[in-house]
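Peer 1: Would you mind keeping the following structure in view while I ask a few things?
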Amino acid sequence: MLKISVLVSGGGTNLQALIDAQNNGVLSSGRIVQVISSRSDAYALERAKNAGIDSYVAVNENELLECLNRYEPDVIVLAGYMHILSKTFLEKCTAKIVNIHPSLIPSFCGKGYYGLKVHEAVLKSGVKVTGATVHLVNEIPDGGEILSQKAVEVHDDDTPERLQRRVMEQAEWVILPRAVEDLCRKIDGRIFVKPMKYPGRGIITGVTPSGKKMFAYFIMGRSTSSRARVFERSGDELIIRLTRQDPKFDPSLILYAPVRVFEGNVIVTNGDQTDTIYESLKAGGTFESALRTREYEPDAPHYTPRISAVITSSGYKQSILKRAGRYFYEYEFKNGIGHLIHTYDHDVMRDDVLPSFMGEPREVKISDDIESFANGLWNELDEDNKVSLYVRYYEPDMKGYHDKLFNKGE
Ligand code: GAR
């Protein structure tokens, strides 16, 4: 978990947005460890106190460095911090620094543009659209790499205060926590499926840094029928239940057991090939021999791939059955590492066909904390399309496990 220091000077509504995001799981890959204010009367200090976060006042850069040294943060967020950090400070600071600026950079930014002054200048210029920008900080004021932006309309009857409020509500408080979360993940090497909106169904199998075997399975859906589903635990297996019956719809491709366990072999798939693999193992066959009897799904024109995985005592295997052929991958356990495979490759469709996953399963980092891993993955899945996620972390002896289940529909 990365450490975040938040620097403030005023009301601290952006700090509050970060605290709220931490409480509701949007910000889960980093933790706010301290709040440092350039003014002792900033209301932001009150917000930090209410949230139980250590807070400090630092009126110059020496004091600031001293405060930062107590925690050695990985990320510093300037959340309404009304000072420009000097070149010397930036050279000494090893953390990534992000700033939220209340305009669409490169407009209305740089020296002299801060707080209400930005909105006054926006109104004076007569532009009809403004917004907010989250960017990395370098020696040029408001000049570092842009991480996220969101546009907000300017209204004819706006005052600077009214416009400031709308930019905060519609843009700043929304994009700042997400950008900070994304940055933490990037630093931590934990970006899974992004930036796709529709990877479809996905499986991760792997091992945590302390040697716990794990898997994750998620489903996403585009049609109402495929979205009307929930995961349910059934002993040590996982099943899918429909939350709404649609007589026009054939449920055979969306109702199946994604997880089954045969004598210590954990099978995870996106279809009824779970049963094929289970029966094969039971009869002395293998993962591969079972899947050689199956092929991709018959859902023309996409012909969705069948993706499958098995965790055995010596490693894990993954497979994808698609029109181009049957592919198998085999991995040894390596602490902290897993592999992700999903059904669709990218969001751009040709002739309305979803492109099948291409290439090899992607190597991903697995953390020891199931909460942060599972929340992080769930948050990363596109809000409109995600349906369910199940994550299981086994004890090192494979006897017990911890799990987490998310259903959008409940
Ligand atoms: C916010 O609008 C922030 O974008 C801006 O100051 C306000 C602080 O509000 N920052 C800058 O202008 C930096 N150049 P807050 O204290 O309520 O978060």
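The values are calculated or read from the model by the stated rules, or taken from the named source; none is laboratory data. Note that the coordinates shown come from a computational prediction; the quantities given were computed from them, not determined experimentally. In this analysis, Cβ positions are derived from the backbone assuming ideal geometry, glycine residues included, and neighbour counts consider all displayed protein chains. Accessible surface is based on the protein model in full, side chains and every heavy atom, while ligands, DNA and RNA are left aside. Shrake-Rupley method; radii C 1.70, N 1.55, O 1.52, S 1.80 Å.
Peer 1: Restricting attention to region 19-48, which residues are away from the ligand (no atom under 16 Å from the Cβ) and either part of a strand (DSSP E or B) or under 15 Å from G80 (Cα atoms) (or both)? Walk me through how you get there before you give the answer.
Peer 2: Going through region 19-48, the residues away from the ligand (no atom under 16 Å from the Cβ) turn out to be 23-26, 28-31, 33-34.
Result: G30, R31, V33, Q34.
Peer 1: Only one of I84, I140, I100 is of a type in the set (V, I, T), within 15 Å of the ligand (Cβ to nearest atom), open to solvent by less than 20 Å² (accessible area, probe 1.4 Å) and not in a helix (DSSP H, G or I). Can you tell me which?
Peer 2: Numbers: I84 fails: open to solvent by less than 20 Å² (accessible area, probe 1.4 Å); I140 fails: open to solvent by less than 20 Å² (accessible area, probe 1.4 Å).
The unique qualifying residue is I100.
Peer 1: Could you say whether any residue in region 353-360 is touching a residue at least 60 places away in the same chain (Cβ under 8 Å) and closer than 30 Å to E395 by Cβ?
Peer 2: Scanning region 353-360, I find no residue that is touching a residue at least 60 places away in the same chain (Cβ under 8 Å) and closer than 30 Å to E395 by Cβ, so the answer is no.
Peer 1: In region 128-137, how many residues are open to solvent by 50 Å² or more (accessible area, probe 1.4 Å) and of a type outside the set (K, R)?
Peer 2: Of the residues in region 128-137, the ones open to solvent by 50 Å² or more (accessible area, probe 1.4 Å) are 128-129.
Those still in the list that are of a type outside the set (K, R) too: 129.
Counting residues in region 128-137 that are open to solvent by 50 Å² or more (accessible area, probe 1.4 Å) and of a type outside the set (K, R) gives 1.
Peer 1: Taking the conditions exactly as written (surrounded by fewer than 22 Cβ atoms within 10 Å (Cβ to Cβ), more than 13 Å from the ligand (Cβ to nearest atom) and under 23 Å from E371 (Cβ atoms)), does Y56 satisfy them or not?
Peer 2: Judged against the criteria, Y56 is not a match.
Peer 1: Hey, any hits in region 1-18 for a residue that's more than 15 Å from the ligand (Cβ to nearest atom) and outside any strand (DSSP E or B)?
Peer 2: yes
Peer 1: Of the residues G115, G110, which single one is open to solvent by less than 30 Å² (accessible area, probe 1.4 Å), of a type outside the set (S, T, Y) and in contact (Cβ under 8 Å) with a residue 60 or more places away in the chain?
Peer 2: On the way: G110 fails: in contact (Cβ under 8 Å) with a residue 60 or more places away in the chain.
One residue alone meets the criteria, G115.
Peer 1: Would you tally the residues in region 233-254 being in contact with a Lys or Arg (Cβ under 9 Å, 6 or more places away or on another chain), touching a residue at least 24 places away in the same chain (Cβ under 8 Å) and open to solvent by 20 Å² or more (accessible area, probe 1.4 Å)?
Peer 2: So the count comes out to 3.
Peer 1: Has region 341-360 got at least one residue that is modelled with pLDDT of 90 or more, assigned to a loop (DSSP other than H, G, I, E, B), among the aromatic types (F, W, Y) and over 21 Å from G271 (Cα atoms)?
Peer 2: no
Peer 1: Which of the numbered conditions does E91 fail, given that it passes all the others? Conditions: (1) within 24 Å of G110 (Cβ to Cβ); (2) at pLDDT below 95; (3) surrounded by 15 or more Cβ atoms within 10 Å (Cβ to Cβ).
Peer 2: (3)
Peer 1: Right, here's the next one. Could you check region 273-291 and list, in sequence order, the residues that are closer than 21 Å to R201 by Cα and not acidic (D, E)? Outline the logic, then answer.
Peer 2: Narrowing region 273-291 to residues closer than 21 Å to R201 by Cα: 273-278, 287-288, 290-291.
Hits for region 273-291 are Q273, T274, T276, I277, Y278, F287, A290, L291.
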